[in-house]
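Worksheet: one structure, shown below.
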Amino acid sequence: MFDQNRLKDVLVQYKQDFVAAQWNNEKYKWEAVKWFQDNWDVNAPDFAEMLSRSLDKTLNLLVSYNNFPKAMIVSFAKSAPEEVRAMFIALFDESKDVFGRMDAFKQQSSKLLEARYGGDEKNHYQYENAISTYLWLRYPDKYYIYKFGEAKKVASALKSEHQFKKGAYADNIRNFLRLYDEINVFLKRDTELVNLFQSQLTETCYPDPELKTLTVDVGFYISRVYSKKSADTDTGAGLYGAGYNPGLSVDDWSKLLKDETVFTSSALEIMKRMKDYGGMATCTQLAVRYGETKNFYNVGSVALAKRVCESTGISPDIREDGSTRWWTVLYTGRDAKKDEEGSIVWKLRDELAEALDQADLSAIELYAAAASSEENPVTADMEIEPYNQTDFLDEVYMTRQRYESLVAVLRNKKNIILQGPPGVGKTFAARRLAWSIMEEKDDSRIEFVQFHQNYSYEDFMMGYKPVEDGFELRYGVFYRFCQKAANQPDKDFFFIIDEINRGNMSKIFGELLMLIEKDYRGIKATLAYNGLPFSVPENLYIIGMMNTADRSLAMIDYALRRRFSFFEMEPGFDSEGFLRHQKILNSETMDELIIKVKDLNHEIALDRALGKGFCIGHSYFCGETVCSDEWLRSIVEYDILPTLGEYWFDDANKLQRWANILQGVFQ
């Protein structure tokens, strides 16, 4: 849902501007729909001519600076009319999921681009905005025109629960349709607006009985007109809360910082972490770096602001709709940029930041307990659930013999990489392997990270990070975990690295390439950053995971490869654990499907271009306590067949044969 008071405010301004400005500029949208409806004929003998004529009135809806979807789709229709006709027939097939149709249209456009231009032309321009426009023209009583930036601004302006993120195409489309449907319902209840709109309609306009195009226009108005007006009045100099002043001096904040009833220990932790981060951060950024959940920082800041107001008698920041924005007592803020984690970036108020500079926060923990920054942290005693080999084999579908081999290899080498295709349970098994060796579920002795292309030595070991007056040496997650393990030499510790081959190994490990080796455990080497001796303790084990089916990933380099043993994780369909799981689900359809998948894996293993590292894993068939045909069908349609489509993209006959075999189980 969204803030209805916000939309009421929008509509007050929209109605004021509608006749004088908005309608004259935007009337062409209704005219474009009417023209399309009058001219569209999917069975026209000259499809290209019909398509071009139908889109004649769309103007800037399908052409703008460096964006030419209309020209390109007409060009495609002239060179391949039947293919484009089929694309529109499929796009307008309302019996299927809308995003699936949009995605198929986009993918087919890519194929036409390659066939027509051979890669010389880089863009077909048939993306979500253009494709949603085609849908809106064809079904104006159901669809809207989608623009990512516009939808995101509308959601933000109306304080909607629906979120829009770069790259999340399917979720964005579905959230967009839900949001605009909610707005549409609200517009229909505004009789003044409906009467005003209908009074302006002419014979050249589509009558818009469901007000879908009017909803599109209101969204456009919010993103282009209202958001700017709102920003001018609400954010001052580009910041939320810039127009509000709590009226507290540095001395006032200093006194409050000493009052334990106002600045509790958790409140001081939030303040110290904000200062350490540079005085500006989102709740998500604080949670990622220092631990705790983002809600800890959000709720904690609001609670602190309320206590400050109660203690001092000051009034908080009140929005136009009468609601209270508590956090602006402590911070100003702005919307996070697309490359920043989180939604709102907070900035400590200058007076509070200066008071924090003067305060002694040395006794306050910078890191949460689970990610302590102490050199030699010790885990407090607590009751921990036992875990053994039998528990492992019950949960991880592996034979006992392979489990014993896995443990022996890890014990001997101290560093192991679990490799295999998606779905064989690598990540699931890694933590349970550690538990089974520790013989208890002690997560305080396990650290879990995931490598990516931007992961560096500075994140992993140590490096200089920018602070307010320059740079400061910060210790990374592996350095801290090694110190923790060294402090408890009688216990085993496990460092788990997901997607280990996504990172630049030499860049991340540096001199650790030598220190992680079994023969060099406990031997100290001088670190370049701090000039101090460091060693990887003998009781620390490294478990990495590597996806062998992702052809876009680099292989592990040989210098690192010889420091690790590699253990192939295979589909566990024949393990005792999976057979018990299969028996419990008691489904003849599942039993038949598993037989087909095992046959499929046999063919994949024999394929010279693939091999056993590309087999279908068993974990697709786990996680449910009741087995239904709908669940099994979804595994085939949305997990297995798309994977096979990537494997055999150049062999349509083989792909179709296996699609028929797997789908035939449900006949």
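The values are calculated or read from the model by the stated rules, or taken from the named source; none is laboratory data. Please read all numbers here as calculations on a predicted model, not as lab measurements. Cβ: placed from backbone, ideal geometry, glycine included. Neighbour counts: every protein chain shown. Protein only, heavy atoms only, side chains kept; ligands, DNA and RNA dropped before computing areas. Shrake-Rupley method; radii C 1.70, N 1.55, O 1.52, S 1.80 Å.
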Which pairs turn up if I take residues in segment 477-504 that are more than 15 Å from Ser444 (Cβ to Cβ) and look for partners that are basic (Lys, Arg) and open to solvent by less than 30 Å² (accessible area, probe 1.4 Å) with beta carbon separation below 6 Å, at least 6 apart in sequence or on another chain?
none
Would you mention how many residues in segment 255-268 are in a helix (DSSP H, G or I), out of contact with any helix residue (DSSP H, G or I) (no Cβ under 6 Å at 6 or more places or on another chain) and open to solvent by 40 Å² or more (accessible area, probe 1.4 Å)?
2
Tally time: how many residues in segment 378-397 are modelled with pLDDT under 85 and either on the phi > 0 side of the Ramachandran plot or among the hydrophobic types (A, V, I, L, M, F, W, C) (or both)?
4
Could you tell me which residue of segment 1-28 is farthest from the chain's Cα centre (by Cα), considering only residues that are farther than 13 Å from Val225 by Cβ and of a type in the set (S, T, N, Q)?
Asn24
Being open to solvent by less than 40 Å² (accessible area, probe 1.4 Å) and part of a loop (DSSP other than H, G, I, E, B) is the filter; apply it to segment 127-151 and report the residue that is farthest from Met102 (Cα to Cα).
Pro140
Can you tell which of Asp629, Asp591, Asp639 is free of Cβ contacts under 8 Å to residues at least 12 places away in the same chain and either out of contact with any Lys or Arg (no Cβ under 9 Å at 6 or more places or on another chain) or over 22 Å from Val396 (Cα atoms) (or both)?
Asp591
Quick check on segment 551-559. Is at least one of its residues modelled with pLDDT of 80 or more and surrounded by 14 or more Cβ atoms within 10 Å (Cβ to Cβ)?
no
Looking at segment 53-86, which of its residues are open to solvent by less than 10 Å² (accessible area, probe 1.4 Å) and either at pLDDT 95 or above or not small (Gly, Ala, Ser) (or both)?
Ser54, Leu55, Thr58, Leu62, Pro69, Ile73, Phe76, Val84
Glu210 is checked against (1) at pLDDT 95 or above; (2) open to solvent by less than 60 Å² (accessible area, probe 1.4 Å) and fails just one. What number does that condition carry?
(2)
Considering only residues of segment 158-179 that are more than 14 Å from Met1 (Cβ to Cβ) and of a type in the set (A, V, I, L, M), which is surrounded by the most Cβ atoms within 10 Å (Cβ to Cβ)?
Ile173
What are the pairs, 6+ residues apart or on separate chains, where a residue within segment 234-258 that is at negative phi has its Cβ under 6 Å from a residue that is modelled with pLDDT of 85 or more and in a loop (DSSP other than H, G, I, E, B)?
Pro246/Ile314; Leu256/Val262; Leu257/Phe263; Leu257/Ala359
The residue from Phe666, Phe614, Phe649 that alone is within 30 Å of the chain's Cα centre (by Cα) and touching a residue at least 40 places away in the same chain (Cβ under 8 Å) is Phe614
Residues of segment 87-105 that turn out to be crowded, with 18+ Cβ neighbours inside 10 Å and over 22 Å from the mean Cα position of the chain (by Cα), as a count
5
If Ala609 passes every condition in (1) of a type in the set (A, V, I, L, M, F, W, C); (2) open to solvent by 10 Å² or more (accessible area, probe 1.4 Å); (3) part of a helix (DSSP H, G or I) but one, which one does it miss?
(3)
Any residue that is open to solvent by 20 Å² or more (accessible area, probe 1.4 Å), under 30 Å from the mean Cα position of the chain (by Cα) and under 28 Å from Gly476 (Cβ atoms) - is there at least one of those in segment 322-334?
no
